[in-house]
Ligand SMILES: Nc1ncnc2c1ncn2[C@@H]1O[C@H](COP(=O)(O)OP(=O)(O)O)[C@@H](O)[C@H]1O
Ligand SMILES: [Mg+2]
């Protein structure tokens, strides 16, 4: 079943980024977009994840065009159904690692998932302040926050960009497992072609269009 459907999207800032692109993302599946820096990958991810209205085209979630809904419904989708992992993570510096995850649990009415934190390799740093964690540990705590709310679709923009190879693979395994177990979907933006090929579908954004990655 389709979880997200993108129809005839076009967008430009100083120069055109993409023109009339289409794709769909099924439940339980992952889709990757690669492309050179500045080609518009993050912009496309923002458009798909409720953060930016496209100049042309539509994004359908649950068969409804998301930008045709009022701002309250859009906010609700973003808050409850979508999980967005950014290149640079946003954590609350005034709280320790555990409190950061618990805050996400409170907002989404979910239980603290010790096993998830163990799998992400951050169980032993939960009592530490955010400032004392390495960049990679902070990224993993922020991924734990996103997964804690049990999103139906995860949008991840270079989620493993600041992790070493081994940790990056472990984190990606957690994300792939999550979508499989929860029948959720993953839209991944990455410059790593090998990682992209591990997704069910992989495209390259090039010359304003999406081409199947080979
Ligand atoms: N909010 C914005 N306002 C103006 N230009 C932007 C904005 N966001 C991105 N851009 C420009 O759009 C182009 C594509 O950016 P981006 O989507 O971040 O590319 P990528 O993620 O592939 O590196 C860049 O030239 C960037 O400067
Ligand atoms: Mg980007």
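Since every read-out is calculated from the coordinates, none of them should be taken as a lab result. It should be emphasised that the depicted structure is a prediction, and the values quoted were computed from it without experimental measurement. Reconstructed Cβ throughout: ideal geometry from the backbone, glycine too, with neighbour counts over all protein chains shown.
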Of the residues that sit in the range 101-114 and are part of a helix (DSSP H, G or I) and in contact with a helix residue (DSSP H, G or I) (Cβ under 6 Å, 6 or more places away or on another chain), which one is surrounded by the most Cβ atoms within 10 Å (Cβ to Cβ)?
-> 101
Could you list all residues from the range 48-63 that are away from ligand 2 (no atom under 16 Å from the Cβ) and either under 24 Å from residue 17 (Cα atoms) or surrounded by 13 or more Cβ atoms within 10 Å (Cβ to Cβ) (or both)?
-> 50, 53, 54, 55, 56, 57, 58, 59, 60, 61
Determine whether residue 44 is over 17 Å from residue 188 (Cβ atoms), within 16 Å of ligand 2 (Cβ to nearest atom) and surrounded by 15 or more Cβ atoms within 10 Å (Cβ to Cβ).
-> no
Out of all the residues in the range 77-84, is one or more part of a helix (DSSP H, G or I), touching a helix residue (DSSP H, G or I) at 6+ places or on another chain (Cβ under 6 Å) and surrounded by 15 or more Cβ atoms within 10 Å (Cβ to Cβ)?
-> no
Could you check, for the range 174-185, whether at least one of its residues is closer than 21 Å to residue 2 by Cα, touching a helix residue (DSSP H, G or I) at 6+ places or on another chain (Cβ under 8 Å), outside any helix (DSSP H, G or I) and touching a residue at least 12 places away in the same chain (Cβ under 8 Å)?
-> yes
Could you figure out which of (1) away from ligand 2 (no atom under 16 Å from the Cβ); (2) touching a residue at least 24 places away in the same chain (Cβ under 8 Å) isn't true of residue 84?
-> (1)
